[in-house]
Amino acid sequence: MNAGRQLRVLGKNGRRRAVAIGLTVGMAVIVGACGSSSDTGSAAGAGTSDEPIVIGMSLPLTGPVADRAKPGYEGYQYWVKELNANGGMLGRQVELKVLDDGFDQRTAISDYTKLIGQDKVDLVLGTFSSDLNLAVAPIAERYNYVYVEPSGGADEIFERGFTKLFFAQPATTKKLPEQFVKMIEEAPEDQRPKTVAYVTAEDPNTTQLEEILKADLEALGLETVHSATYAADASNFDAIANAVKAAEPDLVVNGSIAQDGIQLIRSFQKLGFSPDMLYQTNTPTDPAFAEAIGPDNTEGILTYLAYSAEAAYPGNAEFVSGYEKEFGAPPSEDAANSYTAGQVLAAGVEAAGSLDQDAIAEWLHSNTVDTIVGPLSWDAAGASQGDMLLAQFQDGVLEVIGPPDAATTQKIIYKKPAW
Amino acid sequence: MTLLLQTLIFGVLTGGVYALMASGFTLIFGVMRVINLSHGALLILAAYLTWWVWDRTAIDPLLLGTGVSVVMYGVGWLLYKTVIARVQRIDPELTLVASFAFAIAAAGVIALVAGTEARAATPSYFNTSFHVGELVVPRAQLYACVGALAILGGLYALLHGTALGRGIRACATSRTGAELVGIDVERSMSQMFAIGCATTGFGGAALAVLYQFVPDSHYVWIGRILCVVVLGGLGSFAGAALGAAVLGIGEAMTAAYWDSRWITAVPYMLIIVILILRPQGILGARLRAGSGAP
């Protein structure tokens, strides 16, 4: 359909390559059609057979991120199992063809090239980390395959002009604090904070967050009374906390990475400073959080979540209970993300009614898919336009308070009880 | 004025904690010329022991430090007998490598046994303070600071007021000479090393109350300890206390009056300045090559 435009974009060398690829694919179709019916990898768009649809992927199952890739793989496995139990895709069963790239970019590239070029898988799904997805996405694009990735939210990926890439997490960093800003905007006038202090760990994510929040909150009329950045491995926060206390802010925004957020709270406690509102990025989801700051002191603290097992999105509760039954542990964020990637791809295929990659991509670009991380839609570059969840500790539990369709409670604590 | 006083209080208290952590290290270096890089790992081990007992019995963690010190004395004695003494006979400088290897192995074993989750002991006073007018004095830090002074004083008294201490100092000056006058060098050395390690018992207990820790936290602490003793002068107790205070106050001042993102650079900046102006450390005696243990 838009092959002509693509050829123009590709330039002379690219055009030659595209012609070669076209010839190769054409040959493959002919060979595939001539091949015997026992040849499982032969589909290449032939949508009529009863053979299983093969979905290829390469995951970092060994190597440094193996511990996170394992639940990611399990998310995919669980998705396929559930899909097949419900009749599969286009009335056909689905099977996964999984290779291991050991968290190596070059292996990942050759794996996907092999899966698409040699094994002729019908569809592909994405791998883990921005690093690997950044390397693999151009391969899928070159072979004109839809590429739904469960991770890889770095800005760089969405600046490459990919046309068939879709990010299966709810939002990139740009949209991370949106629900929090909305909560403040909608707060009753007498409970809305007037002043804000930023205490930010030095990290690309958190510093970008501070910039975004500063702009948004100043637009809402909040005055910035203090702003400090600290090295991510700092551990003595008494003096830092004292400077925040001196500025007397109503709201403290702490772009924290890990233990730094806990040490900051402990220093606030020692100083007897308890802000009315506290928003922290990554620390409150740390399993040791409540123990380390005192279990009674979590009440009212706000944070964001990319995924919550409690979020009331359709299908989420079933996913959580089914996954736990299958693997004996609740799903991690990575497991949820790969399950979501599967949901997105399946929705596109069913809506397109075929394995035509162009039709799948076109439908995904112009529609919204209901997933366990909420309704997802994408801009032209494949960046998702969903919502990160806003969560708050209430009675010792992280409750989702926004967006409304995911909320697990209607209650919002605007003024945190003092420590 | 309040800000300055408050900043000084934070700095001195943090310095007190640093001095506590560094006391055993500087003792072992001062008399044995052994740079014990496993000191950080021993602190973390003590912190885990403290946390474990506190979690099950709710006994005050700083009091537990006394009991843990006894355990750490035993650990130190074993470490000396099985590792340090043996490699020291081959080449005294090998103790640097051997103790670092022990630290890495210890962190691995701790991770296997206790897991890699961050821990922290939180007795009732962990996040409370004494209030003096407008000034705030965090309680746990104050206790740790007092403990540090007591331990440094105790070690000084031990070295200068007891037969064991005199024997040890004799060994440090001349091993052969000490043997000639009838001192059991091997026994004195193992005692000294074990006492140095015993100080990590209280240090680890304070660490468990003041900070979160994971098995790998020892890298951070051995880095700070080295900084403290290099600043103050290797092997000098008063130097360790002074170096720790300089570091603590430097960090607090940086956060209060300059920019908090420079805090982690403070130790290195101080070391560079000290190495240029006074290479032996603030209170350190000049070391000549070949001095100390043969």
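FYI, it's all coordinate maths here, none of it is from the lab. What you see is a predicted model; the values in this text were computed from it and never measured. Backbone-built Cβ (ideal geometry, glycine too); neighbour counts: all protein chains shown.
Overview of results
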item: At 1.567 mPa s and 4 °C, Stokes diffusion of region A:271-379 via Kirkwood alpha-carbon radius, µm² per second; result: 78 µm²/s
item: Cα extents of chain A along the three principal axes, largest first (Å); result: 78, 49, 39
item: Surface/4 of the Cα convex hull for the protein assembly as shown, nm²; result: 37.3 nm²
item: Gyration tensor (alpha-carbon) shape descriptor, region A:49-112, a/c threshold 1.5; result: oblate
item: Simple Cβ-charge dipole of region B:2-289, Lys/Arg +1 and Asp/Glu -1, about Cα centre, in debye nearest 20; result: 640 debye
item: For chain A, share of DSSP beta bridges that run antiparallel, in % to the nearest 5; result: 35 percent
item: Other protein chain Cβ atoms within 10 Å, averaged over every residue that makes up B:210-218; result: 3
item: Net charge of Cβ neighbours under 14 Å - reference residue B:8; Lys, Arg +1; Asp, Glu -1; result: -3
item: Theoretical ellipticity at 222 nm over chain A - DSSP helices of four or more residues, -39500 (n - 2.57) apiece, nearest 500; result: -13000 deg cm²/dmol
item: Farthest positive-ward along chain B dipole, Cα basis, beta-carbon charges - from B:138, B:43, B:273; result: B:273
item: Cα pair count fraction exceeding 11 Å, expressed as % - region B:142-187; result: 66 percent
item: Student exercise, region A:335-419 dipole from Lys, Arg, Asp, Glu Cβ charges, in Debye to nearest 20; result: 600 debye
item: Fraction in percent of alpha-carbon pairs per bin - 10 Å, region B:2-289; result: 7, 28, 36, 22, 6, 1, 0
item: Degrees separating the helix A:259-271 axis from the principal Cα axis of chain A, which is the longest one; result: 10 degrees
item: Nearest-ten-degree value, helix A:66-85 long axis tilted from longest Cα axis of chain A; result: 60 degrees
item: Under 5 Å, built H, 5+ apart or other chain: amide partners of residue A:58; result: A:99
item: Span from the region B:222-237 Cα centroid across to the region A:244-286 one, whole angstrom; result: 32 Å
item: Net charge contributed by nearby residues that have their C-beta within less than 13 Å of residue B:220 (K/R +1, D/E -1); result: -2
item: Alpha-carbon centroids, region A:57-74 and region A:305-363: separation in whole Å; result: 17 Å
item: Cα→Cβ-extended label distance, 7 Å offset, between residue A:380 and residue B:157, nm; result: 8.0 nm
item: Table column - 3J(HN,Hα) (Hz), region A:121-136, Karplus curve with 6.51, -1.76, 1.60, x for Gly and Pro; result: 4, 6, 9, 10, 10, x, 9, 10, 6, 4, 4, 6, 5, 4, 7, 8
item: Among A:249, A:208, A:234 - extreme Cα towards positive end, dipole of region A:199-249, charges at beta-carbon; result: A:249
item: For the protein assembly as shown, size of Cβ-based charge dipole, Lys and Arg +1, Asp and Glu -1, in debye; result: 3140 debye
item: Principal-axis tilt of helix B:237-257 within chain B, Cα atoms, nearest 10 degrees; result: 30 degrees
item: Reach of residue A:416 by Cα under 23 Å, taken over lysines that are not fewer than 8 positions away in the same chain; result: A:182, A:194, A:214, A:245, A:270
item: Relative packing of B:166-173, B:270-277, B:22-29, A:162-169, which averages over residues the other C-beta atoms within 10 Å, highest first; result: B:22-29, A:162-169, B:166-173, B:270-277
item: Packing-based ranking, highest mean first, of B:221-229, B:141-149 given that Cβ atoms within 10 Å are counted; result: B:221-229, B:141-149
item: Whether region B:85-218 is rounded, prolate or oblate, judged on the alpha carbon gyration tensor where a/c under 1.5 counts as rounded; result: oblate
item: Net charge over other residues, Cβ less than 13 angstrom from the Cβ of residue B:122 (K, R count +1; D, E count -1); result: 0
item: Anisotropy class of region B:1-86 from Cα gyration tensor, a/c 1.5 cut; result: oblate
